[in-house]
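A short worksheet on the structure shown next.
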Amino acid sequence: MNFVYISPYFPQNFQEFAVKLHQNGATVLGIGSEAYDILPASLKEALTEYYRVDNLEDTLAVKKAVAFFFHKYGPIDRIESQEEYWLELDAQLREQFNIVGMKPKELKKIKHKSEMKKYFKKAKCPVAKGRLVKTKVSLKRAAKALGYPVVLKPDVGVGAGNTYRIDNDDDLEKFEAQWDHTTPYFMEEFIEGGQLCTFDGLLDQEGNIVWYGSLTYEEPTLDWVNGDRDGVYWIEKEVDPKLKEIGENVVKAFGIKERFFHIEFFRMPDNSYLGIEYNNRAVGGFGHDAYDYAHSIDLYDMYAKVVLGKEIPANPNDSRYCVVTFRQADKNYQHSVADIKERYANDVKAVKDLPKVYHDLLGSQLFAILCDNDNERQAITDYIRA
């Protein structure tokens, strides 16, 4: 199998996708903007060839790279980046070279928040009320219809970037003054009392779920961005059966195959679930690795086996919670990294300095630590960010 990997270097933890594809027998061909010399030895070994372009935003240059690989290695079987930012580029390349996978016309339902609502409803999953906003007039009408507070987010966007909570007319006018009036926004009613959680998983070539899990955020990422509190999320030891049932229905409604999915929900005080967003990708940031730590699995290897049509090994029944806590560069903390490592010893699975691109949203440093119950999880969180 010839597998073209877009941006194999970044994010760095996703380099393991190329490594596992190679180990499972795929010919992995990389296209990226980084110099070959900076690639680590493990990635160089996994890549049969690496084609450098000055800028991955230059679609023509990337198409030339794929054409080069096609001419040298024969038909390309898969093109993938695993990154939401490059979903459209991946789709364009698949269409240009007639490669298996999602094409541009299929992206609308997983790129546009306004379109996602239709599929959540098809799955009989409750959703927050919302309206698509394209003009100043529709902005005012949507606010009046939904009532304050509301949340405004780009109809096509990644993460919590450029997302705003609007509490009154003054907030709405401030947003309107800085809005470019060309970027469509989606306005939703603000959900009080809901805790942000996810249903994540991997689909095989027939669209069957071969692995699933769930993580919970201490508070929504919008609050991380707009506040001064260190972010925390944790991998759940087990998935709530109610979340599993509604998550499976949503996956079926979207009808995606051979991909990871990352679906966001609000868990309400009555333990019902409200659908928020379907992401056609693996968990971002470090969540992918946190799942591996919590459940003693290897999702990178599992993905490679799915793509290559190999049997997926049974999941071990060895699950714990994995709490992921972030620190910020401009704060002073009571406990050093050495203190944390000494206190939690073998349960510390990772301590990482994050790239600057993550600092505003997440923080500058990350800790991933295993534990067995909610009390331990809270104690770990309190200790790290004290």
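The values are calculated or read from the model by the stated rules, or taken from the named source; none is laboratory data. In this text the structure is predicted, and so the values were computed from the model without any measurement. Cβ placement follows ideal geometry from the backbone for every residue including glycine, while neighbour counts extend to all protein chains displayed. When the accessible area is computed, the model is the full protein with side chains, heavy atoms only, and any ligands, DNA or RNA have been set aside. Shrake-Rupley method; radii C 1.70, N 1.55, O 1.52, S 1.80 Å.
The C-beta contact set for the stretch 251-277 (first residue assigned by the TED database to the domain that holds Gly309 and of a type in the set (S, T, N, Q), second residue outside any loop (DSSP other than H, G, I, E, B) and surrounded by fewer than 19 Cβ atoms within 10 Å (Cβ to Cβ), distance under 8 angstrom, 6+ apart or interchain) comprises Asn271/Lys242; Ser272/Lys242.
When the residues of the stretch 64-90 are filtered to those that are under 29 Å from Lys113 (Cβ atoms) and out of contact with any strand residue (DSSP E or B) (no Cβ under 9 Å at 6 or more places or on another chain), the one that is most open to solvent (accessible area, probe 1.4 Å) is Tyr85. Restricting the stretch 1-15 to residues that are over 18 Å from Phe68 (Cα atoms) and hydrophobic (A, V, I, L, M, F, W, C), the residue that is least open to solvent (accessible area, probe 1.4 Å) is Phe14. Checking the stated criteria, Ser114 turns out to be touching a residue at least 12 places away in the same chain (Cβ under 8 Å), of a type outside the set (Val, Ile, Thr), surrounded by 14 or more Cβ atoms within 10 Å (Cβ to Cβ) and not in a strand (DSSP E or B). Within the stretch 135-144, being surrounded by 14 or more Cβ atoms within 10 Å (Cβ to Cβ), out of contact with any Lys or Arg (no Cβ under 6 Å at 6 or more places or on another chain) and in contact (Cβ under 8 Å) with a residue 12 or more places away in the chain holds for Leu139, Lys140, Ala143.
Within the stretch 163-180, residues that are in contact (Cβ under 8 Å) with a residue 40 or more places away in the chain sit with their Cβ atoms under 8 Å from residues that are assigned to a loop (DSSP other than H, G, I, E, B), at 6+ positions apart or across chains, in these pairs: Thr163/Gly157; Arg165/Pro149; Arg165/Phe190. The sole residue among Asp167, Asp200, Asp171 that is touching a Phe, Trp or Tyr at 6+ places or on another chain (Cβ under 7 Å), open to solvent by 10 Å² or more (accessible area, probe 1.4 Å) and at pLDDT 95 or above is Asp167. Residues in the stretch 91-105 that are surrounded by fewer than 17 Cβ atoms within 10 Å (Cβ to Cβ) and under 19 Å from the mean Cα position of the chain (by Cα): there are none. In the stretch 286-301 there is at least one residue matching the filter, namely being under 30 Å from Arg385 (Cβ atoms), open to solvent by 50 Å² or more (accessible area, probe 1.4 Å) and in contact with a Cys (Cβ under 8 Å, 6 or more places away or on another chain).
Of all residues in the stretch 347-367, at least one satisfies being of a type in the set (Phe, Trp, Tyr) and either closer than 29 Å to Val251 by Cβ or loosely packed, with under 15 Cβ neighbours inside 10 Å (or both).
Just wondering, is there one or more residues in the stretch 248-263 that are acidic (Asp, Glu) and either open to solvent by less than 10 Å² (accessible area, probe 1.4 Å) or closer than 26 Å to Val151 by Cα (or both)? There is no residue in the stretch 248-263 that is acidic (Asp, Glu) and either open to solvent by less than 10 Å² (accessible area, probe 1.4 Å) or closer than 26 Å to Val151 by Cα (or both).
Name the helices (runs of 4 or more DSSP H) wholly within the stretch 267-386 that hold at least 1 residues that are among the β-branched types (Val, Ile, Thr)? Qualifying helices (runs of 4 or more DSSP H): 299-307, 337-344, 374-385.
Only one entry in Ser296, Ser319, Ser336 is over 27 Å from Asp240 (Cα atoms) and hydroxyl-bearing (Ser, Thr, Tyr), namely Ser336.
On inspection, Ile38 fails the criterion of being among the aliphatic types (A, V, I, L, M), modelled with pLDDT of 95 or more and either under 21 Å from Gln92 (Cβ atoms) or in the same structural domain as Ala304 (by the TED database) (or both). None of Ala35, Ala18, Ala46 is among the hydrophobic types (A, V, I, L, M, F, W, C) and open to solvent by 20 Å² or more (accessible area, probe 1.4 Å) except Ala35. Among the residues making up the stretch 264-285, those that are open to solvent by less than 30 Å² (accessible area, probe 1.4 Å) and in contact with a Gly (Cβ under 8 Å, 6 or more places away or on another chain) are Phe265, Leu274. Of all residues in the stretch 322-334, those that are in contact with a Phe, Trp or Tyr (Cβ under 9 Å, 6 or more places away or on another chain) and open to solvent by 40 Å² or more (accessible area, probe 1.4 Å) total 1.
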